[in-house]
Amino acid sequence: MTVTLITGANKGIGFETAKQLLALGHVVYVGARDVERGEKAAAALGARFVRLDVTDDASVSNALATIDSAEGRLDVLVHNAGILGDGVIDGPTALRAFDTNAVGIVRVTEAALPLLHKSSNPNVVTVSSSAGSFWAVTNPDRPEFGLPLALYSASKSAATMLTVQYAKSQPRIRFNAVEPGTTATDLTAAFGIGRAPEVSARVVVRMATLDADGPTGTFQDENGEVLW
């Protein structure tokens, strides 16, 4: 049985990723800051809930300790939690965006590493964005070109770089980042764009179910590797 933790999994791409991995036989832990929403999502899915706020060290530590106690290992970690950090660009807003979208990856990964090393086939997937790709945001033919999301884009660049660096420092574990495609979620509601989350979740699921000879240190979308 494959044990999986997904952060920010009470809605959107995280929720749909959980649904698809459950259908493949995974034991899925839905990580969410809000207990009520997280428990409701887990119940709807038939998954397990663990309270996890990626911006809080104690919350992260407690969540991984819960999984360790129940399962003794972690096979798949999906970094899905994220915020736009839109609106006024100032120091506090920047700190919140980077704390959630980049520092949160470090918090959760570091807490999860001992459990991932107990797995025979460990995979870590970061839901990043080509909004953090220099190639995409400077290309007038790409939708990212016109997105006014400086803090989101910069923090997603950091998320992708963290993926590469972890892949280099942890060769036993596959670390890959994904661009899930423009998706209609709470984050994109103001832009009125995107496809159904269940479609975008497929690329996350593909990378979360890599076998031992799968790639590591890559940034991919549904068509393969993405320039960044």
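Can you tell me which residue is surrounded by the most Cβ atoms within 10 Å (Cβ to Cβ) among those in the range 105-162 that are free of Cβ contacts under 8 Å to residues at least 12 places away in the same chain and among the acidic types (Asp, Glu)? Within the range 105-162, the match that is surrounded by the most Cβ atoms within 10 Å (Cβ to Cβ) is 110.
For the structure I just gave you, tell me whether residue 124 is touching a His at 6+ places or on another chain (Cβ under 9 Å), at pLDDT 95 or above, in a helix (DSSP H, G or I) and of a type in the set (Val, Ile, Thr). Judged against the criteria, residue 124 is not a match.
Across the range 50-82, what is the total count of residues that are outside any loop (DSSP other than H, G, I, E, B), open to solvent by less than 50 Å² (accessible area, probe 1.4 Å) and free of Cβ contacts under 8 Å to residues at least 40 places away in the same chain?
Filtering the range 50-82 for residues outside any loop (DSSP other than H, G, I, E, B) gives 50-51, 57-71, 76-79.
Subset that is open to solvent by less than 50 Å² (accessible area, probe 1.4 Å): 50, 59-60, 63-64, 67, 71, 76-79.
From the residues that got through so far, the ones that are free of Cβ contacts under 8 Å to residues at least 40 places away in the same chain too are 59.
Residues in the range 50-82 being outside any loop (DSSP other than H, G, I, E, B), open to solvent by less than 50 Å² (accessible area, probe 1.4 Å) and free of Cβ contacts under 8 Å to residues at least 40 places away in the same chain: 1 in total.
Return the residue satisfying two criteria in turn: it lies in the range 205-224 and is of a type in the set (Ser, Thr, Tyr) and assigned to a loop (DSSP other than H, G, I, E, B), and of such residues it is nearest to residue 14 (Cα to Cα). Please lay out each step first, then the result.
Going residue by residue through the range 205-224, those that are of a type in the set (Ser, Thr, Tyr) are 209, 216, 218.
Filter again for assigned to a loop (DSSP other than H, G, I, E, B), leaving 209, 216.
On the way: 209: 15, 216: 21 Å.
By that ranking, first place goes to 209.
Could you tell me whether the range 177-188 includes any residue that is in a strand (DSSP E or B), open to solvent by less than 10 Å² (accessible area, probe 1.4 Å) and at pLDDT 95 or above? Yes, the range 177-188 has at least one match.
Of the residues 108, 125, 50, the single one that is hydrophobic (A, V, I, L, M, F, W, C), in contact with a strand residue (DSSP E or B) (Cβ under 6 Å, 6 or more places away or on another chain) and within 27 Å of residue 213 (Cα to Cα) is 125.
Looking only at the range 83-101, which residues are of a type in the set (A, V, I, L, M) and open to solvent by 10 Å² or more (accessible area, probe 1.4 Å)?
We begin by selecting, within the range 83-101, every residue of a type in the set (A, V, I, L, M); these are 83-84, 88-89, 94-95, 97.
Within the range 83-101, 83, 84, 88, 89, 94, 95 meet the criteria.
The values are calculated or read from the model by the stated rules, or taken from the named source; none is laboratory data. Keep in mind the model is a prediction, meaning the values are calculated, not measured. So basically every Cβ, Gly included, is an ideal-geometry build from the backbone, and we count neighbours across all protein chains shown. Only protein heavy atoms, including side chains, enter the accessible area calculation; ligands, DNA and RNA are left aside. Shrake-Rupley method; radii C 1.70, N 1.55, O 1.52, S 1.80 Å.
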